[in-house]
Amino acid sequence: MTIENSHHESVKLLPWFEALGRAFDLESMPQAILFHGQPGIGKFDFARWLSKALLCEADLFSTGQKPCNACEACRWFDTGNHPDCITLLPQSLKGRLVQAELEGSPKMDPVAPEGQDDGDRKKESAFIKIDELRAVLGGINIGSHRGGKRIILIYPLESLREDASNTLLKSLEEPNPDTIFILVSDRLDRVLPTIRSRCQLIALPKPSRELALNWLESELKILLSDAVRAEELEATIDEQAGAPLSARDQIVARHLGDDKDGVGLAINSTRILVEALSNGPKIGYLECAEKVQKAPYSALLVCMQRWLFDLQLSYQLGEVRYYRRHAQRISQLASQLQLTKAQRLWSTLTLARRHENHPLSTRVQMESMLLQYQQLFGD
């Protein structure tokens, strides 16, 4: 999972969200907004920017814009100390926020309970538990600290367990007029329909390829001492389906060995997976599953889906969307592809993604799907 910034500096409005950001009427906001869209495009950053704008105490007629980045509320927000902004994240993502924002949030025990292994603990850390949510919701009927609005920001919304989702639903059904819920989802299909129906849904778009590449190049000049070749920028943007923040994290992890949030592990594992997939019918599926089993299951599924999409696109139209650097090999494999079997595997991968946070065994699941992949080619 990609979470889009460390937020140790002033929250900035990403260029592809500028028009949308300026269109908000900050004086007349719905009590619950649900932002959704592709991972890695900056949805969480946008939600943070909007939260800050709503809490900014400057006179809009004097400053001409919010957030002003100068008032006391804005300074508190930037240091993670604003008492009326509560951000709720899974344990696995909390390291990306200013520590002060987490004070008062329930702390999850870093020691695995007896009988629970590290894999189980990692799965648990990807969810927001009901006790954490209750701790946040318990004070919403008390007046805000600054006398204005209170913001409750939850990301990703689908990381709420079922009991926690039902608890949130009750608060949305009986909203406090001084509280605004800003909810962010990478997978809207996993959010309860009853929650969706009580929110204003706003789909956040990804930038054009040109804008994404320009932004990525500028970011990397700040983050890396060495220049990144244009071929790497373009290939990474394509492999990340045009998501610039995902591409940035991938390139930084490759160049600096930064494994924040498991990015490095995901990169190495998907590289191994792509190399294996490029062998087509000669894939060593047992060996590959063994090598990638510790990677985030979701990253493996997305990688395999995109590779399979490219195979089918090449078969039907002679084009490649994601793995352009492997276009020649994909074209060769596509000439041997059995389309009906490829479509069945696509359905299997789609179903697997619905349960990607609960795989019985990543290794066993990958062995099964890679064996199916091996059988896509030839007679």
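The values are calculated or read from the model by the stated rules, or taken from the named source; none is laboratory data. Note that the structure is a prediction, hence the values are computed from the model and not measured. Neighbour counts are summed over all protein chains in view; Cβ atoms, including those assigned to glycine, are modelled from backbone coordinates with ideal geometry.
Some points to look at:
- Restricting segment 170-197 to residues that are in a loop (DSSP other than H, G, I, E, B) and touching a Phe, Trp or Tyr at 6+ places or on another chain (Cβ under 9 Å), the residue that is surrounded by the most Cβ atoms within 10 Å (Cβ to Cβ) is D186.
- Taken over segment 133-169, the criterion of being of a type outside the set (D, E, K, R), without any contact (Cβ under 8 Å) to a residue 40 or more places away in the chain and not in a loop (DSSP other than H, G, I, E, B) is satisfied by A135, L137, L160, A164, S165, N166, T167, L168, L169.
- When residues of segment 245-294 are limited to those that are assigned to a helix (DSSP H, G or I) and among the polar types (S, T, N, Q), the one nearest to R363 (Cα to Cα): S269
- Number of residues in segment 154-169 that are of a type in the set (D, E, K, R) and crowded, with 19+ Cβ neighbours inside 10 Å: the value is 1.
- Selection within segment 126-138 - surrounded by 15 or more Cβ atoms within 10 Å (Cβ to Cβ) and farther than 12 Å from L88 by Cβ: A126
- In this entry, K294 passes the filter for residues that are at pLDDT below 95, basic (K, R) and touching a Leu at 6+ places or on another chain (Cβ under 9 Å).
- Search result, residues across segment 299-336 that are farther than 18 Å from Q375 by Cα, more than 21 Å from the chain's Cα centre (by Cα) and of a type in the set (V, I, T): V320
- Residue pairs whose Cβ atoms lie under 6 Å apart, separated by 6 or more positions or on different chains, with the first residue in segment 327-346 and under 17 Å from M304 (Cβ atoms) and assigned by TED's automatic domain parsing to the domain that holds G280 and the second among the hydrophobic types (A, V, I, L, M, F, W, C) and exposed (fewer than 15 other Cβ atoms within 10 Å of the Cβ), do not occur.
- Selection within segment 198-213 - under 21 Å from the mean Cα position of the chain (by Cα), surrounded by fewer than 16 Cβ atoms within 10 Å (Cβ to Cβ) and more than 22 Å from P30 (Cβ to Cβ): S208, R209, L211
- Taken over segment 318-330, the criterion of being in a helix (DSSP H, G or I) and either in contact with a strand residue (DSSP E or B) (Cβ under 9 Å, 6 or more places away or on another chain) or more than 14 Å from P281 (Cα to Cα) (or both) is satisfied by R324, R325, H326, A327, Q328.
- For I222: the one exception among (1) surrounded by 13 or more Cβ atoms within 10 Å (Cβ to Cβ); (2) assigned to a helix (DSSP H, G or I); (3) β-branched (V, I, T): (1)
- Apart from one condition, R75 fits all of (1) of a type in the set (K, R); (2) out of contact with any helix residue (DSSP H, G or I) (no Cβ under 8 Å at 6 or more places or on another chain); (3) modelled with pLDDT of 65 or more; (4) not in a helix (DSSP H, G or I); the exception is (4).
- Residue that is nearest to A289 (Cα to Cα) [pool: residues in segment 337-379 that are over 25 Å from the mean Cα position of the chain (by Cα) and part of a loop (DSSP other than H, G, I, E, B)]: Q375
- Failed criterion for E231 (all others in (1) among the acidic types (D, E); (2) buried (at least 22 other Cβ atoms within 10 Å of the Cβ); (3) closer than 18 Å to R324 by Cβ hold): (2)
- I182 hydrophobic (A, V, I, L, M, F, W, C) and out of contact with any strand residue (DSSP E or B) (no Cβ under 7 Å at 6 or more places or on another chain): no
- Entry remark, segment 198-219: residues being touching a strand residue (DSSP E or B) at 6+ places or on another chain (Cβ under 7 Å) and in a loop (DSSP other than H, G, I, E, B) number 3 in total.
- Checking each residue in segment 22-69 for being small (G, A, S) and within 26 Å of the chain's Cα centre (by Cα) picks out A23, A32, G37, G40, G42, A47, S51, A53.
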